[in-house]
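Q: Have a look at this one.
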Amino acid sequence: MYGGGLTPSPRLRGERSPLPCRQEQRLHRESIWNLNERVANHFVQNLYDPTNGNALQYAINRFGEQYVRESGMGYAAKENDLFSWAGEHGENFELLEEASLLGVNSEKNEYYDFFRDRIVFPIRDRSKHIVGFTARDLSGSSNSKYLNSKESTAYKKKYCVFGIDEAIREAVKKDQFFLVEGAPDVLKMHSVGI
């Protein structure tokens, strides 16, 4: 028994200190941020690939060419494009699954691209780390017009406000802050300079 109402250090109690665990979590979160950055670059390349011309035209018509270029908007192709890219680049499939970039077909025990035939928008935190993605369907056949990354070590929806990375800087400059309902509204406001 320890006297004086003091709690002994975890090491004295024979327990592991929480610090290495927090450090491991931070490193894991950073791994997802880095992965998301590489994938976002791949999605941008897809958007500008001439074989995906309809996606680029949709994005430009909806948001304007300059905003499309500056926002990091991309395109997730129709087939298992990301899965193939990940294999070619030696990416970690389990990390891609955790980041909601790949899903698993449990019947076939195969990976598939979580986002397919969608305009993809990075979700960033205040420090501009890409923590996840939101994506708009272009096929017209999906039940979900917009699809978001699932929660992960890097992405906790209750702690994220889409567009906060840009909004917070503008709010400081203009002493104004607009809160709107969803990502499409934020994107449209950003595309017209609000």
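What follows is calculated from the coordinates using simple rules that are stated; it is not laboratory data. Fair warning: this is a prediction, and the values are worked out from it, not measured in the lab. Positions of Cβ are backbone-derived with ideal geometry, glycine not excepted, and every protein chain shown enters the neighbour counts.
Q: Pull out the extension gain between E30 and Y159, defined as 0.36 nm times the separation in residues minus the alpha carbon to alpha carbon distance; nm, one decimal. Provide the component values of the computation, followed by the final result.
A: Working: separation 129, 0.36 × 129 = 46.44 nm, distance 1.67 nm.
So the chain would gain 44.8 nm between E30 and Y159.
Q: Strictly over 26 Å apart at the Cα level, which of K128/K173; K150/K173; K128/K156 would you flag in this model? Intermediate values should be presented prior to the final figure.
A: Numbers: K128/K173 18 Å; K150/K173 33 Å; K128/K156 15 Å.
K150/K173, as the Cα separations exceed 26 Å there.
Q: Still on this model: Quick one: Karplus J couplings for region 123-131, per residue in order, coefficients 6.51, -1.76, 1.60, θ = phi - 60°, nearest Hz, x for Gly and Pro?
A: Each residue's phi maps through the Karplus curve to give 9, 10, 8, 4, 8, 6, 6, 7, 9 Hz.
Q: What's the extension gain from T51 to K150 if we count 0.36 nm per residue and subtract their Cα-Cα distance?
A: 32.8 nm
Q: What order, most packed first, do the peptides 137-149, 61-73 have when packing is the mean number of other Cβ atoms within 10 Å of each residue? Before the final figure, lay out each step's value.
A: Working: 137-149: 13.8, 61-73: 16.4.
Descending packing order for the listed peptides: 61-73, 137-149.
Q: Can you give me the long-range amide H partners of T153? Hydrogens built in the peptide plane at 1.01 Å from N, cutoff under 5 Å, separation of 5 or more residues or another chain.
A: Hits under the 5 Å cutoff: none.
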